[in-house]
Amino acid sequence: MQNFIFDNKTRIIFGKDYEQVVGQESVVFGKKLLLHYGGGSIKNSGLYDTVVNSLQEHGIEIYELGGVKPNPRVSLVREGVSLCKEHNIDFILAVGGGSVIDSAKAIAAGATYDGDVWDFFTGKSEVSTSLPIGVVLTIPAAGSESSAGTVITNEDGLYKRATGHLSLRPQFAILNPVLSYTLPAYQTACGITDMMAHILERYFTTEKNVELTDRLCEATLRTIISNAHTVLNEPTNYNARAEIMWSGTIAHNDLLNTGRIGDWASHDIEHEISGIYDIAHGAGLAIIFPAWMKYVYKHDINRFAQFANRVWDVEIDLNDLEKTALAGIKKMEQFFSSIGMPITLTEVEIGDEHFAEMAKKATERGTLGNFIKLQESDVYQIYQLAR
């Protein structure tokens, strides 16, 4: 097990009707607030009015920036940075899912920086400070509500890149499972896949003697799997929604990463797909993760057999661990398909015309992953396996 420091300051406020306390949680950080959100769904649902009324009751001056899209764009982030600087904003409140929260984090970092915010995503500069952020979560998926990372897409060149810093962890996150009742089934399934992928990135490690976090990863995966079909078939089942929402947070708040080194190649490989084709991140991960597994499983066949057994209940064949490992990968593919996710690029009508370009872009800053170091040629082969 690796040495580690676990530091997560995010105050989790979980349960029904807690969005009504957003004003008292926000006013602690100042009187000028940027309210950041996506499209019209929070207005149609009444959540926008609830949030605004609560903020106004506490004397908070509100500036608004809507329009966040899936795979959030740096152009809107730059607009938000300008608003924050112009109006001396004290605090940013993100109301939405991972895209809105990631956009808010990027704005928060850019608002305290003299250069272009994209510098943080190219490695030209590093985040050292940011405006404080709060969250009202509407889409359980990315886990950005208590993570230190953010992912943004640059329309110029179609680059999708990540950065992070402890200052980007939200100060609080309000999680009311009821707010996810109206999510379309496909969006719910994409979120389920995204949170599972966050766990898998941590699970497939070369670090030994990490039994506790192995078991925590496995338990969280099994909880997601056991509730997935319930939330899809019974959208207003509070208990199942609650299990999924809390699992999404646990999946990416770094608890499951303690003492181990995760991989993260699959995320980087997928970012090139959604950066160019603008598909849902969760859908891209459902395609790439099984392909990555098929490419690397022989590197530690025991871990893949353990995954098959403990997560998917595949009986371990001591005489043929490869058979066990491959059965686990197959079970995962079948699960993704069962919740409406694609498992091949063909299903989302993506051909091989950009494979070489994507492999090159994915590795332009070096090799990918930690489980196995992947070169450009390896990434290209994974795209081929994903066809």
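Some observations on this one:
- When 372, 287, 279 are screened for being closer than 30 Å to residue 123 by Cα, of a type in the set (A, V, I, L, M) and part of a helix (DSSP H, G or I), only 287 passes.
- Test for residue 151: is it within 12 Å of the chain's Cα centre (by Cα), in a strand (DSSP E or B) and buried (at least 24 other Cβ atoms within 10 Å of the Cβ): yes
- Every listed requirement among (1) touching a residue at least 40 places away in the same chain (Cβ under 8 Å); (2) touching a Ser or Thr at 6+ places or on another chain (Cβ under 9 Å); (3) part of a loop (DSSP other than H, G, I, E, B) is met by residue 109 save one, (3).
- Any chance residue 67 is at pLDDT 95 or above, on the phi > 0 side of the Ramachandran plot and in contact with a Gly (Cβ under 9 Å, 6 or more places away or on another chain): yes
- Residue 82 passes every criterion in (1) hydroxyl-bearing (Ser, Thr, Tyr); (2) in a helix (DSSP H, G or I); (3) within 28 Å of residue 266 (Cα to Cα) apart from (3).
- Of all residues in segment 328-361 being in contact (Cβ under 8 Å) with a residue 12 or more places away in the chain and among the small types (Gly, Ala, Ser), the one that is farthest from residue 287 (Cα to Cα): 356
- Scan of segment 8-22 for residues that are assigned to a loop (DSSP other than H, G, I, E, B) and either not assigned by TED's automatic domain parsing to the domain that holds residue 57 or not acidic (Asp, Glu) (or both), ordered by number: 8, 9, 10, 15, 16
- Verdict on residue 263 being within 30 Å of residue 355 (Cβ to Cβ), buried (at least 22 other Cβ atoms within 10 Å of the Cβ) and of a type outside the set (A, V, I, L, M): yes
The values are calculated or read from the model by the stated rules, or taken from the named source; none is laboratory data. Keep in mind that what you see is a predicted model, and the values were worked out from it rather than measured. FYI the Cβ positions are ideal-geometry reconstructions off the backbone, even for glycines, and counts take in every protein chain you see.
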